[in-house]
Structures are given as C-alpha cells and as structure tokens.
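The next block holds one structure in the form of structure tokens; read it before the comments.
What follows is calculated from the coordinates using simple rules that are stated; it is not laboratory data. Keep in mind it's a predicted model, so treat the numbers as computed, not measured. Because the Cβ atoms are built from the backbone with ideal geometry, glycine has one as well, and the counts that use them run over all protein chains shown.
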Amino acid sequence: MAEHAPSAKRIQSETDALIAPGHTLASITEKIASLALKRRTPLGWFVGFGISFLLLQALLYTLAVLLFKGVGVWGINVPVGWGFDIINLVWWIGIGHAGTLISAILLLLRQDWRTSINRFAEAMTLFAVACAVIFPVFHTGRPWLAAYWLFPYPNTMGLWPNFRSPLIWDVFAISTYGTVSALFWYVGLIPDMATLRDRAKSKAWKIVYGMAAMGWRGSARHWHNYESAYLLLAGLATPLVISVHTVVSLDFAAGVIPGWHATIFPPYFVAGAIYAGFAMVLTLSIPLRKAYGLEDFITMKHLENMAKVMLATGLIVAYGYTMEAFMAWYSGNPYEKFMMANRMGGPYAVFYWLLILCNVLAPNLLWIKNLRTNTTFLFLISLVVGVGMWLERFVIIPVSLHRDFLPSSWGSYAGTRYDWSAFLGTIGLFLTLFFLFIRFMPVISIFEMRTILPEGEGGEPKS
Amino acid sequence: MSGRHDGGEAFIDLASVRRRVDGAQGRRYWKSLEELADSPGFQEFLHREFPENASEWTDPSGRREFLKVMGASMALAGLTACTRQPAETIVPYVKPPEEIVPGRALFFATAVLDGGYAKGVLVESHEGRPTKIEGNPDHPASLGATDAATQASILELYDPDRSQTVKQLGEIRSWGAFVAAVKAALAAQKPLGGAGLRILTETVTSPTLAAQIKAVLAEYPQARWHQYEPLAPDNARTGAQLAFGQPAEARYRLAEADVIFSLESDFLGRGPDGVRLTREFAQRRRVGEGQAAMSRLYVAEGSPSLTGANADHRLSLRSSEVEGLARAVAAGLGLAVSGATGAHGPFVVALVKDLQRAGAGALVIAGESQPPAVHALAHAMNARLGSVGRTVSFSAPVAASPEAQSASLASLAQDMAAGKVDTLVVLGANPAYHAPADLEFGKAMERVALRFHAGLYEDETAARCQWHVALAHPLESWGDARAGGGATTILQPLIAPLYGGKSPHEVLSVLSSQPERSGYELLRDQWKQTLGEADFESRWLRAVHDGVVPGTEQPDVPVSPSLGAWATAAPAPAVPGLEIVFRPDPNVGDGRLANNGWLQELPRPLTKLTWDNAVLMSPRTAEKLGVALGTSNTGSANTASGSPTDVVEVRYQGRSVRGPAWVLPGHPDDAITVHLGFGRTRAGRVGNGVGFDAFALRTSDAPWFGSGAQVTKTGERVYLACTQDHWSMEGRNPVRSVSLEEFEKDPHAIAEMGEAPPRELNMYPEFKYEGHAWGMAIDLGSCVGCNACTVACQSENNIPVVGKEQVARGREMHWIRVDRYFEGDVDSPSVHHQPVPCMHCEQAPCETVCPVAATVHSDEGLNDMVYNRCVGTRYCSNNCPYKVRRFNFFLYQDWTTPSLKLLRNPDVSVRSRGVMEKCTYCVQRIQRVKIDARNQGRPVKDGEIQPACAQACPAQAIVFGDVNDPASAVSKAKASPRNYGVLEELNTRPRTTYLGSVKNPNPELA
C-alpha cells in the first residue's frame, strides 16, 4: 500500500468529512451497537413498522387472490402481456444495484466513504431482490409450475428449459445475484455480530448473535481469512453489477417489439439501475440518520457523493433516452418512428414527459452545490428519481406493447387495484424487512467505521 | 320417493332457480354459470335426484320422517358393506353398433334452419355426440361451406338455458296434460269450425309440416294459419307480384354476373342463400391464371353492409333515396319510369354504361329493405338487359304458403284485439318480442283465452302463454325443409332430445284428430307420398344419407315483367330529418340466436363490436349530435379505463329506446342504423339484457327505414366491448390491395409493396423440412369478411367464451380473427377484411423466448403449443408481431355445466387457466389424415386436410396444404404474384401468407 503514501494528505482531509470529529473506537461501537441492543424500541419504529406490515398484508392478500383466480385480476391483456409485474421486477432489481455497487466496486476502488453506507445499502439490495423475485414467479399463469420448471434440473422426461430464452438467462442472473448479495452481506456482518454478541445483555440475544457470529473471536487468522473472503466476494459481485441488469434488459432487447429491440438497452439499463439504487439509498439514509442521530457517521460528504453519482448516472440515462429517440428517427424504420411518436404524443404521452421531467430535468438541479447539500432537497429528488425510474419501465413495457405492428391488435393498458396492491405490497415487504434490520442489526459496519477514524483517535495507521 | 317428483315442492324449487337464472346477467355468461352452479339452488336443480329431501331437513316433522326412511336404508347399506362387493365386469358391445369405431367421428347429413329455409350440413358425431357442423357439399345452399350462424347452432343444441319441460303457468306438467288441454280446447272449437283457432308459425318450407297444418285447417275450416318472421322477404314477394303479376322467387347466379348492381341488397351477408352467393361472388373475384374475368360490384345502400364493404363502387346514400337512384338507372337503361332523382349523375351514367356493356352478364339485385317497387324495378332492369335466364332465374316460391307476413300478423293482432280468437297456438315464433311495435302484439295476446306456445326457449312469448312445450332442436328431431331453389333436405336427429323436447311435427299432430304419432312416422308417411311406395326404403335411405332429396328443385318459370302503375308512381318524397334504418344483427339476426355466446362474442364484421348493438351513425352525424366515440374499458369493472361512449335516446313515432352511439365510417349522414335482435328479456342467461331492443321502434308500415327519428344525448355513458378500436392501417400494409388496372400493368405491384430479407439472415441453424411442410394461403381478394372461419375454429378447437368485460379488456380467445381496416375518406372509406390465424413462422419470435420450451417448432413447420408445459409467462404473446396468441387469464372454460361437456371436440385439449393457446392449423385433423394415409400405405393427398376455417369458408379464400409439394393447391397459390407475407420484413418467414386483393373499379369513375 506504499503507493498510496503520496495521497495520505488527501485521504486525511476526506476522512475528516467522513466521520464527525471527536469519535473514538468506543464511541463508534457504543453508538452503533446500541441501536440494535437497546431495550426500548422507539415509538416511531412501531409506527413505521406497523404501516409497512399492513402493506405487506396487502401483498399477501393480492397473491392469494392471484393464486385462486388467476393473473387476470391484473390489468394485463393481449397485446399488453406484461404490466406492473415486470415493471416492478425491473424496478426492484435496479434498486438493488446500488448496494452491490457500493459494497463491491467502491470497495475495490478503495472509496472509503462507502463504509458508513455499505451495510444498509447491501441490506437494501437483498430486500429489493426479495421483492423483485416475487414478480417473475407470480406473474406467470401457473406459478406452482413456473417456480421450478424454469430451473434446469434433471428429470425423467429429459426436458430442459429453453436456453435461447432471455427469461432463462434472467433466472440464472437473478438467482446468482441474490446468492452473492446474501453471502456478501452476511460475511460483512460477521465481525459486527461478534461485537453485538459480546455486548448483548440478555442470554437469548447472546445466543442469537453468537450463532450469527459463527465463532468469531477476532484473531489475526480470522481477520486474514475474512479479508480474503470479502475481497473475493467483492470480485465476484463486481461483474454482477453489470451483468444482472444487462440480462434483464435483454428480456426486451431480444424481443422484436419496437421500443424493445434496441442495442443500447444493456448499458442504459445498468446506468438506470445505479441511478435508481442511489436514489433509494438516499431515500433511506436521510430519514435514518435523522431518526437515529447518525449524522456523525453519514455525513454531508456521503450524501453529496451519492448525489454526484446520481447526477452522473442520470446523465447517462438521459443520453440513453436521447439515443433511443435519435435511432428511431435515424433508422428510418416506420415502426420505430411510430413507437417514438407514440411515446411522445400517444395516449400515454403524459407518462413519457413525466419521465423526462423526473429523470432528465430534475436531477440536473444537483449541479448546484447548495441544493446538493440540502438534505430535504436531496430526499425529495431521490423520491422523484425513484418515481421516474418506475415510469421509465412503464414507458418501455406497456407503452411499447400497446401499439406494436398490426393496428388491428392495438390495445390499451391500465393497472387494476390488484396491480397497485401488489406494488405497494412489495414496498411494504421491503420496508418491513428494513425496519427489522435497523432494529436488530448494526445498520452501519462497526468495525469498518473504526478503520476510518483518524490515526490519533485509534484508527488504523494510514500507510 | 320417486313419486314426489310430480309433487308441489319440485315446482317451488324450480321457481326459485328460475328467479336466480332470470336475475343473472347474460354478459357474464360463464362466470355467472359457475356462480350459479355453485349456489345450492342450482346444484339442486342439476341433481334433482333428491330435491325434496334437502328441504326436509328444515322442516321438523318432515325431518323425522326422512330420518326414519334414511335410517332403514342406511342399515341395509351397512349390511352390504360387510361383504365383498361382487366383481363387476364391463361387457363390451355384444353386437357393436354398425360403423362406430371409438375415437373416429361419423358425419351425418341434415340441415340447419335459417328463417325456415334449409342450409344443408354434415354433422360430426363422436360416439353419438354431435360436436361440429360442416357444410354439405351436395347441398345447393351450402356447397360444403357454412356461415357463422350455422356453425354456432351446435352450441344452441347444448344450450343449458333451453326450455326443458312442458309447463302450465310456470309449473311443470306432463306431456299428457298438455295433450289433454289442447284436445279440450279443440273440442270447444269443433262446433265453431275452428273460428276461434289461430296457428302462428315461422316461415314453413317443410312439406310435412305444411301438410300437417293444412290437414288441421281442413278439419277446422274457419281456423287460420299465420306465419311471421321479422326478416321475411315480404318486399321481395310483393315486388315480384308487382312485376310479374304472379308470385316468383328470384335465384341469382353471381358466377355468371360480370357487373352487379346491388340496391341495398346484402347478398353476402346473412341469409339462407348467403353461403352460395358468397361462393359464386368470390369465384369471380380471383385474378390469376385460369380465372374468369373479374366481376365488378356496385352497391348503393343506406347502411354499411358486408356487401357494401366488398363493392368496387359503393354509393352511400340514405335508404329513402335508393328508390330515386334505382329509377334514374332504370330510366338510363331506357325503361319508361318516372321519379328518377338527378343526384349522383356521374355514378348513374357510368353504371348504366357498364350495365349495358355487360348486357346479359349484368345483374341488378334489390335488397329486402327496399320497397316492392324497387324490386320490381330491378326485375324490369334485368329483363331489359337480357340477363334473365343467365344471371337470374325465377321459380315458384319455395315456402309452403308464401304470404305477406307482416300483413298476416297484423290481421292476427286485429282479430285478437277484437276478441275473435279463443285459442292461439304459437309454434316456434316469438311475436311478443319481435312483432312490429304498433301491433302491440303482447297486449293483444292477453285477450286470447287459451294460448299455447312451443319453442326452443321459454321466451317472451312463452311468458305470455298459459302453456309452453319445449321443442326439440332441429339436430335432435326428424323433419324436412327446403332451400332456395327448392332442394329439400330430410333432417335426421343426431342425438335423442337432450331435454325431452318434441318436434314441431309432434306438437302439430296433437292438433289433428288422428292418433298421436312420432315425428319419424309422420315424416315417413309424408315422404311415402312423394317418393312413392315402391322401393321407398332405399330411396328414403339415399335421401337421408345424401342430405338432399333428388328431384325436389323447383323448375324455372318463364316470367316477364311489365311496367305497371308502380313504374310511373312518384316515390315517397325524401323527408328531411334523421332517418332510422333497421337491420338484422349480422350475428344474432332477429334475436333468436341471442343466447348463443359464440355469436354474441363474435365481433360484428364492420363495427367489431361484441355483446352489444349500438346506434350507428356517420362521423359527421355524430359530430352534429355531439356524441363521442368511445373505446373499450380495458380496466376491470371497478377500475374503468378507456373512454365510455355516449348513450343516446332514439325517439321515433312516439316510442323511444336508449342505446349507445357508435360511429361507423361510411354510414350516410343524417341517418342512424339500429340492429335488431338485442334487448331480449327472456333469451336465457347469455342473451338477457344484451344491448337494446330495436324492435320496440320498428313498425309495420316502415319495417326497414323511416324518417323523423330524433336522437338526443342522454348524458349517460357506457362502455362497449370492441375488439378493434383502430380504424386505419396507419400507413402500414398488412392488407395489400391494388386495382385491376394496376395489377394488369404490373403483376408484381403487390409483392413490391413490401420487402422480405434474404434467407441467409438467421441466427440459428435452418430447419430442414424433409417430409411435409404445412402452409396456408388466404386470398384477400375473395374473402368477404363474414366471420364463418372464426366460429368454425371456435367450435372445432373448444375455444371458450369470455364475456363482455373480458373482451373489453383485450382477452377474447378467438384463434382466427378477422381484422377490419378502413381506408381513404372517412365518409366513404373502402373496407378491407383480413382473417388472421397463427402465421406458423419458420423463424418464430415466440419460439425463442419461451423459457420452458412450451412452444416449439415441429419438423413439418408447425409452431406447436405444448399446453401442459406452458407456465404462462406471456413472453411469446408479447413477442408475437401478429398478436395471434391467446391467454387464459382466468379459468375461461366451463368445466361444470354438464351439457357443455358433450359439446367439446374430443380430439382437442380443453385448456385450463394460466395457459397460452393459439391456432394449431387444426393439428388434430392433420394427424388424423396422416394416420389414415399411413394405414393405407399411401401419401397424403392434396386437399385431404382441411383446417376448420378453410372448410367453413364460403368464399374458399383459405387454402391449406403441403408447400413442399409443388403441385399442391397451396403451393400454386403461393406462387401467385399476389402472394405476400404480412410483416415479412421482420424475417419471421410466415407460413400463412396472403394473396393481395384486387379491386375492379370502373375507370370512368376513378
């Protein structure tokens, strides 16, 4: 690490901003561990958890209705065979991306500022994937078969899935992604689980955290193994950041439908995913740091960095939209041209222009430093981007499908109340899991926070 | 216990079920059926084995009795449980029924009735269960093809809502009680000579029925027989009488016609002769090698029709102006007529020239909706052109007693209102629903002391009669009927009456003083007189087997028209103001088929509306009235989306109805069209409450059009279910059409309208088709858009009905749809129809995207659907550029109604919820023929395999076969310069291709 020596000063100044002055090893541990260990749960947590849990019930109810009656309870039809289901799938998968990016790529790039946000960003990834996978399973006509027929398993009928289908690629991409994300998150948690085990007061929690810590004693060998495992997983997760959304985008790009059949989809989907993911991290971290007084750890510097990432990816996404429109015109293909004209002036034009407003125009306000460092503004803009990214998928999926090649089959699409309850229900599932996470787990990586303390305060020497 | 079936409680049960049934709305047919079936009342009704015992439980004393009886039988049952059950062996047929091979269908010739006329059919029967109707190639009105209504009549046979019993005032009675009641009524009439007896039937062409009625009338000389059908050709009959001074029926030979001028005649539309006329018309619309010169069709009409849609020149004008035009043309042809209008001068001039050029090859046809004078004019024009004998011939009427039915019904209504009628016997007709509104027939009926009704349904008329008898369906009973031209068919039953109904012959035999006899005996006795006693059996068998009795065609009669006073009488002056036009619904006709889910859900050829009729009007009239054209509700019932359409109130002659407005391009301005056959109140669960009842406005003086209607917006808005909201092709060319002139100049004009990529472009290895390679060619030049293919496919492939709400949400299940596009000016557009089945692409976009390989390519090039592998991701449907795939969003199939189980084709899977389905090219038929050919050690012959759509097509527009065989008909069709693939630029290489349509406009009118 000698090569980093010349930049020690820069790192020093950055660390100043990454953690508020005055913290010691003990104060960090105490502050973060106490969130999980304290006896009294704040009233606000119950309110938030209660609302999320109610929404989760809406999801369960919807899925029950869906299983009893059929996917017809949703608004899908012919020609619009995919609606909220696949919009939500892509949306949730996209949101998950920021977590993996923060944990893996920023780790490899040695971006220390990731430390205070990576834990809950990874948790967010995991929960987002959990929400996402509900849709590909339950959107099928016969989920009880789809749940396993999509996997290649040896069977007496000698039947294999169709490896030419992007949906099969999805199965591999998403299941790999889910597995690696879970491992990554859990491996990163082990040292902190040990901390909680050691600090827990009640016998029961000692046992629970003790089991989760998997016998961590903090020996040098443990640390050595841990560091290699973590780095390896980071290496594994890095291509996934790119591959998962690339594969998801191929669901569309491999189709023949105008508005789907475009080579620009993979990069612009990945950028969009990171965009949406960072927006979600901001949406979660701003209230979180406020409610739990974590301003010391999640500093303005963090928020500003995330805002910058959002601005950058937002611009890539804007470039994607521009290229889509340009290619529609430049190709001279009448179907593509019509598709673009229909997006901009058809029955769903309002959604297209809202999308442009949310995803292209609004984020440009982040150029302004005063706004970029205003938490209220950042929170609002992160919500706007979240909505914008949902609209993007709406514009791509139903709006492309509703008017494809033969005017005789043109139709229209609208979500039913079951579409909405499934969507809001997964938000409920996500928040429920997140509330449980912030109540029982260290929301910020304790041991990694310790490492960014300035040397004089007990932090590791920055070589 | 069994004796109690006749007891009082049974009636109470049934009444409650009836109420339930009546309350259920027809638009949710299958769904509500399911609900009903689940309700205890309906379960009880279906399984009437112990209907009373269920109610015993709620009655304390009855329960004790019940428990005593049941206790004893339980004890006995317990005894048997201690012993081994005796082995039961299934004994195979000791003497197997002749010809029945399990799994192999038999076909029987019979006929389906349309307005009393026979349409010859062959009915497919699986182990005694009729499942599908095909045309009878030997029958002159079928020629092997069928129309949509004929295809759908198999569903009527199994309709669970059909009347099932004899009833008196709503209570079940025995047949014997009915006979006694009739005999008593007749006994009272006997001394009066039957002065108070009236028999009302629909049009009768059946020689046996006519003889029976005449025998009754001979016994009761004062009695009268009336016939009424709302669509009866009264005007044509009166017109022929005017022109010739004698009754005559015209028979058109379109195959001979070079120039056809239709005065509002919808000869390609529904009607007893529609199939034959479509076939003959289509023959002359093909262009290519070995084809006769193309015919040219001019249509002048006041309401857009299928015939108008196929015209080379269509003149849209108000119905009341057609007569003036006819007179102008007649004057142009040199006939001494007056009353010609000066309007449409260039059209008239060019038309007259064209007609004269064609001479004997010209044909003028007047439509039933035009007054008798126009019919007489048409006959005079044909005589003038010399076409009588070539394109049109005349014969004595086929109906047993041709009369002006409207006048006949009016006199009956008068007699009833005057109290002259004591006993009314209604056989099949439903005047309480469809009689002209001014007759107030229903009210007049109340003055008749004793009213008997026999019908397939307990309809509006049955509700006004004390006695009702369930009629047997024509497919369940013996009978006979004649087709246009006279050819007579002996109807044979395919199955014993499902609900114990009686045939009309059996009902009528009750009126006779002869001992009661079965329909079979009555029929044979009648035919013994016709065919002769000698060698009767073999001739009878031959006639029944063939479906046509030889030698029954009417000979032509030489007639010559004379110009009477009608020729010079001025036509009724056109009245300014809104004109109302009445037309039968293209699917359900006069409403007798209203309870047929297949027909209700079949998109109407021009409007593409399902499950509703509407007040049709031109865009300009709609603008004037300020009504908005709606779109389908694509949301669910509770979350509506789309724009509803305005409901308008139509007032006409002091009566009014409310219905949704619908804009139809090509409709003349200042006129509205309303379709009859809707707004039924007692059609059954499917048909009740569908649409509005236009009969409520129809009067006997203006049965087809009248002026002085008023239309006002009510402010109310409703959703209609339309399968194609979009009118235009949007500059794309799914349908390619050129004029004959262009085509002759450049035969490749059609092919050059699109571009197919080179064959090398393929990501995956090429398929090799070493054996057969199935393909289809659809000739858009001859397709008239009649929808017969859609219903034939529905019947063959067990396709469910989904109901109005689901259709509106884009979930209709038809495997072959007929697309309709308007082109050109919105006031007088040209109309294109295009049947769209699965294209069976050689590079199918659906196949690559299915994750579970549920849709796969066969080695014969079929795009196979593996239902039990499908998990329903719908990716295939999204990726299908033709959107021919259909998804079972819910459990659309009715798995519970017993009678509908009999309907299903056993060779085709009945799909369940969550599964994708689509056209298979009728793979079951392909396999059947291949197996037969292999067993016989021979190759499959060309034309041997016919998918249901191709077989039904009256225009023979669909050709199917092996494209690997260069001699096959389909290969030859595909070699035509008119051949093209829709969206072939996507490199899908569709196996279904189209032959572009060629129109033959008059260059002088260009």
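Where in the range A:195-227 are there trypsin sites (Lys or Arg not before Pro) that are in a DSSP coil and have at most 10 other Cβ atoms within 10 angstrom of their Cβ? Of the trypsin sites (Lys or Arg not before Pro), the ones in loops of the range A:195-227 whose Cβ has at most 10 other Cβ atoms within 10 Å are A:Lys201, A:Arg217. Full extension of the chain segment joining B:Glu744 with B:Arg517 gains 75.2 nm, where the gain is 0.36 nm per residue of separation less the Cα-Cα distance. With θ taken as phi - 60° and the Karplus curve 6.51 cos²θ - 1.76 cosθ + 1.60 applied, the whole-hertz 3J(HN,Hα) list for the range A:197-211 is 4, 6, 9, 5, 8, 8, 4, 4, 5, 4, 5, 4, 5, x, 5 Hz, x standing for glycine and proline. Return the loop-located chymotrypsin sites (Phe, Trp or Tyr not before Pro) in the range B:832-919 (DSSP other than H, G, I, E, B) with at most 11 other Cβ atoms within 10 Å of their own Cβ; answer none if there are none. Taking the range B:832-919 and a limit of 11 other Cβ atoms within 10 Å, no loop chymotrypsin sites (Phe, Trp or Tyr not before Pro) are found.
Annotation: for a label point projected 7 angstrom from Cα along Cα→Cβ of B:Lys768, residues of the range B:831-864 with backbone N closer than 14 Å are B:859-860. A Förster radius of 51 Å combined with the Cβ-Cβ distance from A:Arg199 to A:Ile264 puts the calculated FRET efficiency at roughly 0.50.
To the nearest 20 debye, what is the magnitude of the charge dipole of chain B about its Cα centre, counting +1 on the Cβ of each Lys and Arg and -1 on the Cβ of each Asp and Glu?
For this selection, approximately 940 debye.
Couplings 3J(HN,Hα) of the range B:470-480, computed from phi: 6, 7, 7, 5, x, 7, 10, 9, 7, x, 8 Hz, in residue order, whole Hz [Karplus 6.51 cos²θ - 1.76 cosθ + 1.60, θ = phi - 60°; x for Gly and Pro].
The chymotrypsin sites (Phe, Trp or Tyr not before Pro) of the range B:215-321 include none that DSSP puts in a loop with a beta carbon having at most 13 other beta carbons within 10 Å. Listed by Cβ neighbour count within 10 Å, with the fewest neighbours leading, B:Cys838, B:Cys870 appear as B:Cys838, B:Cys870. Please list, by residue number, everything in the range B:814-850 whose backbone N is under 11 Å from a paramagnetic label point 7 Å out along Cα→Cβ of B:Glu623. Within reach of a label on B:Glu623, which here means backbone N under 11 Å from a point 7 Å along Cα→Cβ, the range B:814-850 contributes B:826-827. Can you tally the net charge around A:Met310? Count Lys and Arg as +1, Asp and Glu as -1, for every other residue whose Cβ sits under 14 Å from the Cβ of A:Met310. After counting each charged neighbour, the total is +1. Take each residue in B:503-511, count the other chain C-beta atoms within 10 Å of its C-beta, and the mean is 0. Residues in the range B:873-888 carry Karplus couplings, in order, of 7, 6, 4, 4, 5, 4, 8, 7, x, 9, 6, 9, 7, 10, 10, 7 Hz; the curve used is 6.51 cos²θ - 1.76 cosθ + 1.60 with θ = phi - 60°, and Gly or Pro positions show x. Calculated on the alpha-carbon coordinates, the convex hull of the range B:662-773 measures out at 341 cubic angstrom per residue.
Annotation: amide H of B:Thr855 within the under-5 Å range of B:Val866, sequence separation 5 or more or interchain, hydrogens built in the peptide plane.
Note that chain B shows a convex hull volume over its alpha carbon atoms of 199 Å³ per residue.
Extension gain for A:Thr375-A:Asn225 works out to 50.1 nm (0.36 nm per residue, less the C-alpha to C-alpha distance).
One decimal place: the segment A:Ser34-A:Leu436 gains 143.2 nm when fully extended, by the rule 0.36 nm per residue minus the C-alpha distance. Shown for the protein assembly as shown is the translational diffusion coefficient from the Stokes-Einstein equation, using the Kirkwood radius over Cα pairs, a temperature of 10 °C and a viscosity of 1.306 mPa s: 44 µm²/s. Amide H contacts of B:Thr205 (H built 1.01 Å from N, in plane; Pro and chain starts excluded): B:Ala400, B:Arg482 sit under 5 Å, all sequence-distant by 5 or more or on other chains. Close amide-amide hydrogen proximity is noted between B:Asp258 and B:Ala362, each under 5 Å apart and 5 or more residues distant or on a separate chain (H modeled in the peptide plane; Pro and chain starts excluded). The residues neighbouring A:His245, those whose beta-carbon lies less than 11 Å from its own, together hold a net charge of -2 under the Lys/Arg +1, Asp/Glu -1 convention. Put in line by how crowded their Cβ is, counting other Cβ atoms within 10 Å and starting with the fewest, A:Phe338, B:Phe743 read A:Phe338, B:Phe743. Going from the fewest other Cβ atoms within 10 Å to the most, the residues B:Met813, B:Met729, A:Met327 appear in the order A:Met327, B:Met729, B:Met813. Each of A:Trp367 and B:Gln653 was given a label point 7 Å from its Cα along the Cα-to-Cβ line. The distance between the two points is 7.5 nm. Simple spin-label estimate for B:Asn935 and B:Phe536 gives 3.8 nm between the two label positions (7 Å along the Cα-to-Cβ direction from each Cα).
Pairs exceeding a 19 Å alpha-carbon distance, out of B:Lys745/B:Lys999; B:Lys930/B:Lys972; A:Lys38/A:Lys206; B:Lys502/B:Lys528; B:Lys119/B:Lys804; B:Lys608/B:Lys804: B:Lys930/B:Lys972; B:Lys502/B:Lys528; B:Lys119/B:Lys804. Test of understanding: extend the Cα→C-beta vector of B:Ala572 to 7 Å, then name every residue of the range B:358-384 with backbone N under 19 Å from that spot. Once the point is set 7 Å along Cα→Cβ of B:Ala572, B:366-378 turn out to lie under 19 Å by backbone N, inside the range B:358-384.
Over all pairs of different C-alpha atoms, chain A has a mean inverse distance whose reciprocal, the Kirkwood radius, equals 23.5 Å.
Across peptide A:66-79, the mean count of Cβ atoms from other chains lying within 10 Å of each residue's own Cβ comes to 6. If you wrap the tightest convex hull around every Cα atom of the range B:249-395 and split its volume per residue, you get 102 Å³. Charged neighbours of B:Ile750, selected by a Cβ distance under 11 Å, balance to -1 (K, R count +1; D, E count -1). Charging the Cβ of each Asp and Glu at -1 and of each Lys and Arg at +1, and nothing else, the dipole of the protein assembly as shown about its Cα centre rounds to 3760 debye. Given R0 = 51 Å, the distance between the Cβ atoms of B:Ala87 and A:Arg417 translates into a calculated FRET efficiency of 0.30.
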